[in-house]
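Report on the structure given below.
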Amino acid sequence: MSEPSWLTLARRYRGVAEIPGKATAPVISRWLRSLKAWWSDDETPWCGVFVAAVMQEAGYERPKHWYRAKAWADYGSALSGPEKGCIVVYDRRGGGHVGFVTGVDAAGRIFTLGGNQANKVSEVPFERSRVLAYRWPPGASYPTAQLPLIAAAGVQSSNNEA
């Protein structure tokens, strides 16, 4: 397996972005309906929505409070370090953030494919010091893919996930 099926699915959504104002991006709106969310706008933090929608599409269960980033810290099995495709939960001022690990750089930062990163689905580096948990989905085969080293000279670490 070169990468987990859910990570391949997640990559298809790269570039999906919020629509400023009252309108909501059609893809995000579809995710919210599919997950039976009680809200319908992309102004509410939606990183958990992205992870939940991808995992649901890939055929995996999700935590009861999938919309809360930090709820993913108890999902599936704990990993001792980052693995390609694992779910990573970060701490941030005012809450948390969640996404999928895609690689690391020479500085040790964790590249994460996630939703609501600068208001879109993107792949950006995060400081390892922010990590709360690395998780592997219940019932999924354990990782066999090598965690890639990503060249990231001059790329700033994420600080916009709310």
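List the GluC sites (Glu not before Pro) in segment 31-118 that DSSP assigns to loop (not H, G, I, E or B) and whose Cβ has at most 15 other Cβ atoms within 10 Å. Which are they?
Hits after loop and neighbour filter: E43, E61.
What is the percent of Cα-Cα separations in the chain that go past 22 Å?
35
Dividing the Cα convex hull volume of segment 5-65 by residue count, how many Å³ per residue is that?
79
Sum -39500 (n - 2.57) across every DSSP H segment of at least 4 residues in the chain, then divide by the residue count to get the 222 nm mean residue ellipticity, nearest 500.
For the chain, the value works out to -4500 deg cm²/dmol.
What is the set of long-range amide H partners of I19 at a cut-off below 5 Å, with H atoms built 1.01 Å from backbone N?
Answer set, sorted by chain and number: A25.
Would you mind finding the longest exposed-site-free stretch of the chain, with exposed trypsin sites (Lys or Arg not before Pro) meaning DSSP loop and at most 15 other Cβ atoms within 10 Å?
Counting at most 15 other Cβ atoms within 10 Å as exposed, the longest clean stretch of the chain is 94-162.
Just to confirm a number: summing +1 for Lys and Arg and -1 for Asp and Glu over residues other than L7 whose beta-carbon lies under 13 angstrom from that of L7, what do you get?
That sum, taken over residues with Cβ under 13 Å, equals 0.
Identify all lysines with a Cα-Cα distance to K84 below 23 Å; exclude those on the same chain that are fewer than 8 residues away in sequence.
K70, K120
None of the figures in this text is laboratory data; all of them are computed from the coordinates on show. These figures come from a predicted structure and were not determined experimentally. When we count neighbours, we look across all protein chains shown, and the Cβ atoms used for this are built from the backbone with ideal geometry, even at glycine.
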